[in-house]
Amino acid sequence: MKSESKSVDAQSRQSIKAVSDLEHEALARRTTAETFSDFVVSQGGRPWVIAVHALWFGGWMFWNSGRMPGVRPVDPFPYMGLTTIVSLEAIFLSLFILVSQNRATRRADERAHLDLQINLMAEREATKMLRLLQALCAHHGLAEAVDSEVDEMLRETEPASIARELEKHLPSDLPNIRNNRGGDDSNV
């Protein structure tokens, strides 16, 4: 039986292209260091890297164990040379991860700001449609024209006051941070 593949409508294709273009632009804006860091981080978590490290560490320890006839250890137990190399590798890998995470965080912040803008625009559009519907109901003398719930929805949304109210009620993993900002704490 053939599976039906539904084609994506033009509006969805346009949205997909817009998102794809934004992502391509963000990738193109990366610095050389960010691109290199992303590459190192993406490769560092692959199974072949784990296998190479296991072989390298095992080989180093065996080579320097003194058990190979005719081979003089260059880094005998406790393998201080290997420890130094591995420590330096861990430091640089951590730095690469931090660079990649910082870039990813900046990108996530950009997306969050874009989401907020789009949501605020959608809120204004929905409020306008609600006003038009209420006006139509009033024009036709329908009882729905007078609805306290609709009147409440028609009030302008104020993101800053909603954010402050959320901040008051959301739990914090950092105690007393909200109370130590300076200024009037009487509302907290």
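Regarding Gly59, is this residue among the small types (Gly, Ala, Ser) and surrounded by 10 or more Cβ atoms within 10 Å (Cβ to Cβ)? It is true that Gly59 is among the small types (Gly, Ala, Ser) and surrounded by 10 or more Cβ atoms within 10 Å (Cβ to Cβ).
The sole residue among Ala10, Ala33, Ala51 that is among the hydrophobic types (A, V, I, L, M, F, W, C) and under 25 Å from the mean Cα position of the chain (by Cα) is Ala33. When the range 1-28 is limited to residues that are hydrophobic (A, V, I, L, M, F, W, C) and outside any helix (DSSP H, G or I), the one that is surrounded by the most Cβ atoms within 10 Å (Cβ to Cβ) turns out to be Val8.
For every residue, the table says whether it meets (1) within 31 Å of the chain's Cα centre (by Cα); (2) over 23 Å from His113 (Cβ atoms); (3) modelled with pLDDT under 85; (4) among the charged types (D, E, K, R).
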| residue | (1), (2), (3), (4) |
| --- | --- |
| Val146 | no, yes, no, no |
| Asp151 | no, yes, no, yes |
| Leu154 | no, yes, no, no |
| Thr157 | yes, no, yes, no |
| Ala163 | yes, no, no, no |
| Leu166 | yes, no, no, no |
| Ser172 | yes, no, yes, no |
| Asn179 | yes, yes, yes, no |
| Gly182 | yes, yes, yes, no |
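On inspection, Ser87 passes the criterion of being part of a helix (DSSP H, G or I), of a type in the set (S, T, N, Q), farther than 30 Å from Glu158 by Cα and over 20 Å from the mean Cα position of the chain (by Cα). Scanning the range 133-164 for residues that are touching a residue at least 12 places away in the same chain (Cβ under 8 Å), among the β-branched types (Val, Ile, Thr) and loosely packed, with under 11 Cβ neighbours inside 10 Å yields a count of 0. Checked against (1) touching a residue at least 60 places away in the same chain (Cβ under 8 Å); (2) exposed (fewer than 10 other Cβ atoms within 10 Å of the Cβ), Arg72 passes all but a single condition, namely (1). Of the set (1) among the aliphatic types (A, V, I, L, M); (2) within 21 Å of Ala26 (Cα to Cα); (3) part of a loop (DSSP other than H, G, I, E, B), all apply to Met68 but (2). Among all residues of the range 29-49, there is none that is surrounded by 10 or more Cβ atoms within 10 Å (Cβ to Cβ) and over 30 Å from Arg111 (Cβ atoms). For first residues located in the range 105-132 and in a helix (DSSP H, G or I), partners that are modelled with pLDDT under 90 and among the polar types (S, T, N, Q) and lie 6+ apart or on another chain with Cβ distances below 7 Å form the pairs Glu123/Thr157.
The values are calculated or read from the model by the stated rules, or taken from the named source; none is laboratory data. Owing to the predicted nature of the structure, the values given are computational and were not obtained by experimental measurement. In this analysis, Cβ positions are derived from the backbone assuming ideal geometry, glycine residues included, and neighbour counts consider all displayed protein chains.
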